[in-house]
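Here is the structure we will look at.
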Amino acid sequence: MKALAEALLTLARADEGKLDLKADSIALDRLVEEGVASMQPLAGERQVTLFAEVQPVAVVGDAGRLTQVLTNLLANAIQYNVPQGRVSVRLGCENGEAVLAVADTGHGIPEADRPHIFERFYRVDKARSRDTGGYGLGLAICRSIVESHGGTISFVTQEDRGTTFVVRLPRRA
(Lines give C-alpha, C1' and ligand atoms only; values in the text may rest on other atoms or scores of the structure.)
Protein backbone atom coordinates (compact mmCIF):
# COMPACT_ATOMS: atom_id res chain seq x y z
CA MET A 1 0.00 0.00 0.00
CA LYS A 2 2.89 2.32 0.81
CA ALA A 3 4.44 1.75 -2.63
CA LEU A 4 1.12 2.55 -4.31
CA ALA A 5 0.75 5.78 -2.30
CA GLU A 6 4.31 6.84 -3.15
CA ALA A 7 3.75 6.10 -6.84
CA LEU A 8 0.55 8.14 -6.90
CA LEU A 9 2.28 11.03 -5.11
CA THR A 10 5.07 10.97 -7.68
CA LEU A 11 2.57 11.17 -10.53
CA ALA A 12 0.55 13.93 -8.84
CA ARG A 13 3.69 16.01 -8.28
CA ALA A 14 4.75 15.49 -11.88
CA ASP A 15 1.30 16.57 -13.11
CA GLU A 16 1.61 19.79 -11.14
CA GLY A 17 5.17 20.39 -12.34
CA LYS A 18 6.36 19.94 -8.76
CA LEU A 19 8.39 16.77 -9.07
CA ASP A 20 11.23 18.01 -6.89
CA LEU A 21 14.23 17.07 -9.03
CA LYS A 22 17.85 17.62 -8.11
CA ALA A 23 20.12 19.05 -10.78
CA ASP A 24 23.38 17.23 -10.13
CA SER A 25 26.02 16.18 -12.60
CA ILE A 26 25.59 12.43 -12.95
CA ALA A 27 27.88 9.81 -14.44
CA LEU A 28 25.00 7.96 -16.08
CA ASP A 29 27.27 5.06 -17.02
CA ARG A 30 28.05 4.44 -13.35
CA LEU A 31 24.36 4.65 -12.45
CA VAL A 32 23.53 2.09 -15.17
CA GLU A 33 26.30 -0.28 -14.12
CA GLU A 34 25.15 -0.14 -10.48
CA GLY A 35 21.52 -0.62 -11.49
CA VAL A 36 22.32 -3.65 -13.63
CA ALA A 37 24.41 -5.17 -10.81
CA SER A 38 21.55 -4.68 -8.33
CA MET A 39 19.10 -6.47 -10.65
CA GLN A 40 21.35 -9.52 -11.28
CA PRO A 41 19.77 -11.56 -8.44
CA LEU A 42 16.27 -11.08 -9.87
CA ALA A 43 17.53 -11.99 -13.33
CA GLY A 44 19.14 -15.13 -11.92
CA GLU A 45 15.92 -16.16 -10.18
CA ARG A 46 14.02 -15.75 -13.46
CA GLN A 47 16.72 -17.55 -15.51
CA VAL A 48 17.34 -14.40 -17.56
CA THR A 49 20.77 -13.25 -18.70
CA LEU A 50 21.31 -9.56 -17.98
CA PHE A 51 24.20 -7.60 -19.44
CA ALA A 52 25.17 -4.03 -20.19
CA GLU A 53 27.29 -2.18 -22.72
CA VAL A 54 27.90 1.36 -21.54
CA GLN A 55 29.90 4.29 -22.75
CA PRO A 56 30.86 7.13 -20.42
CA VAL A 57 27.95 9.59 -20.45
CA ALA A 58 27.26 12.51 -18.12
CA VAL A 59 23.91 14.24 -17.69
CA VAL A 60 22.47 16.77 -15.29
CA GLY A 61 19.57 15.41 -13.31
CA ASP A 62 18.28 13.59 -10.29
CA ALA A 63 20.21 10.36 -9.78
CA GLY A 64 17.54 8.85 -7.53
CA ARG A 65 14.75 9.46 -10.03
CA LEU A 66 16.81 8.24 -12.99
CA THR A 67 17.68 5.12 -10.99
CA GLN A 68 13.92 4.63 -10.49
CA VAL A 69 13.41 4.73 -14.28
CA LEU A 70 16.21 2.24 -14.91
CA THR A 71 15.09 -0.12 -12.15
CA ASN A 72 11.52 -0.13 -13.40
CA LEU A 73 12.55 -0.81 -17.01
CA LEU A 74 14.91 -3.60 -15.91
CA ALA A 75 12.36 -5.18 -13.58
CA ASN A 76 9.76 -5.23 -16.36
CA ALA A 77 12.23 -6.63 -18.89
CA ILE A 78 13.21 -9.41 -16.50
CA GLN A 79 9.75 -10.20 -15.14
CA TYR A 80 7.99 -10.37 -18.50
CA ASN A 81 10.75 -12.24 -20.30
CA VAL A 82 10.91 -15.92 -21.18
CA PRO A 83 13.01 -18.51 -19.32
CA GLN A 84 16.55 -18.45 -20.70
CA GLY A 85 15.78 -15.00 -22.11
CA ARG A 86 18.11 -12.03 -22.32
CA VAL A 87 17.98 -8.41 -21.26
CA SER A 88 20.52 -6.04 -22.73
CA VAL A 89 21.16 -2.52 -21.56
CA ARG A 90 22.99 -0.09 -23.81
CA LEU A 91 24.07 3.43 -22.98
CA GLY A 92 25.70 5.84 -25.39
CA CYS A 93 25.46 9.26 -27.00
CA GLU A 94 23.62 10.20 -30.15
CA ASN A 95 23.04 13.69 -31.55
CA GLY A 96 24.00 15.35 -28.28
CA GLU A 97 21.71 13.16 -26.21
CA ALA A 98 22.31 10.35 -23.76
CA VAL A 99 20.54 7.28 -25.11
CA LEU A 100 19.62 4.39 -22.82
CA ALA A 101 18.08 1.27 -24.37
CA VAL A 102 16.69 -1.67 -22.39
CA ALA A 103 15.85 -4.61 -24.65
CA ASP A 104 14.32 -7.97 -23.73
CA THR A 105 13.57 -11.19 -25.55
CA GLY A 106 10.10 -11.57 -24.07
CA HIS A 107 6.70 -11.91 -25.67
CA GLY A 108 6.46 -8.32 -26.85
CA ILE A 109 3.49 -6.02 -26.42
CA PRO A 110 0.31 -6.89 -28.32
CA GLU A 111 -0.68 -4.30 -30.90
CA ALA A 112 -3.96 -3.45 -29.16
CA ASP A 113 -2.08 -2.56 -25.95
CA ARG A 114 0.64 -0.38 -27.46
CA PRO A 115 -1.24 2.96 -27.44
CA HIS A 116 -1.98 2.53 -23.72
CA ILE A 117 1.36 1.32 -22.38
CA PHE A 118 2.22 4.60 -20.59
CA GLU A 119 -1.27 5.12 -19.14
CA ARG A 120 -1.77 4.95 -15.40
CA PHE A 121 -3.13 1.67 -14.04
CA TYR A 122 -2.82 0.03 -17.48
CA ARG A 123 -1.55 -3.53 -17.45
CA VAL A 124 -1.09 -5.58 -20.59
CA ASP A 125 -2.10 -8.88 -18.97
CA LYS A 126 -5.39 -8.27 -17.18
CA ALA A 127 -5.16 -11.72 -15.56
CA ARG A 128 -2.11 -10.75 -13.48
CA SER A 129 -2.77 -10.20 -9.83
CA ARG A 130 -1.65 -6.99 -8.15
CA ASP A 131 0.83 -9.13 -6.21
CA THR A 132 2.70 -10.27 -9.32
CA GLY A 133 1.72 -7.72 -11.95
CA GLY A 134 2.08 -4.44 -10.09
CA TYR A 135 -0.33 -1.54 -10.20
CA GLY A 136 0.20 -0.44 -13.77
CA LEU A 137 1.98 2.75 -12.68
CA GLY A 138 5.63 1.99 -13.41
CA LEU A 139 5.77 3.10 -17.03
CA ALA A 140 3.61 6.16 -16.33
CA ILE A 141 6.09 7.15 -13.62
CA CYS A 142 9.02 6.51 -15.97
CA ARG A 143 7.50 8.80 -18.57
CA SER A 144 6.85 11.53 -16.00
CA ILE A 145 10.41 11.39 -14.67
CA VAL A 146 12.02 11.29 -18.11
CA GLU A 147 9.89 14.17 -19.39
CA SER A 148 10.65 16.16 -16.22
CA HIS A 149 14.31 15.81 -17.19
CA GLY A 150 13.56 17.20 -20.66
CA GLY A 151 13.82 13.79 -22.27
CA THR A 152 11.67 11.26 -24.08
CA ILE A 153 10.82 7.59 -23.62
CA SER A 154 9.59 5.35 -26.41
CA PHE A 155 9.51 1.68 -27.31
CA VAL A 156 9.61 -0.70 -30.23
CA THR A 157 8.18 -4.18 -29.93
CA GLN A 158 7.50 -7.33 -31.89
CA GLU A 159 5.19 -10.00 -30.59
CA ASP A 160 7.13 -13.13 -29.61
CA ARG A 161 10.45 -11.32 -30.23
CA GLY A 162 10.71 -8.77 -27.44
CA THR A 163 10.53 -5.10 -26.59
CA THR A 164 13.08 -2.30 -26.40
CA PHE A 165 12.47 0.84 -24.35
CA VAL A 166 14.58 3.85 -25.34
CA VAL A 167 15.18 6.80 -23.04
CA ARG A 168 16.73 9.94 -24.51
CA LEU A 169 18.02 12.61 -22.17
CA PRO A 170 19.65 15.93 -22.99
CA ARG A 171 23.33 16.14 -22.09
CA ARG A 172 24.07 19.36 -20.28
CA ALA A 173 27.50 20.27 -19.05
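The values are calculated or read from the model by the stated rules, or taken from the named source; none is laboratory data. Since the structure is predicted, the reported quantities are computational estimates derived from the model, not experimental observations. Cβ: placed from backbone, ideal geometry, glycine included. Neighbour counts: every protein chain shown.
Filtering the stretch 65-89 to residues that are over 16 Å from GLY151 (Cβ atoms) and not hydrophobic (A, V, I, L, M, F, W, C) leaves THR71, ASN76, GLN79, TYR80, ASN81, PRO83, GLN84, GLY85, ARG86, SER88.
None of THR132, THR163 is part of a helix (DSSP H, G or I) and either touching a Phe, Trp or Tyr at 6+ places or on another chain (Cβ under 9 Å) or at pLDDT below 95 (or both) except THR132.
Put simply, of VAL87, VAL32, VAL48 the only residue that is out of contact with any Ser or Thr (no Cβ under 9 Å at 6 or more places or on another chain) and modelled with pLDDT of 95 or more is VAL32.
With respect to (1) surrounded by fewer than 19 Cβ atoms within 10 Å (Cβ to Cβ); (2) touching an Asp or Glu at 6+ places or on another chain (Cβ under 8 Å); (3) modelled with pLDDT of 90 or more, the lone exception for VAL156 is condition (2).
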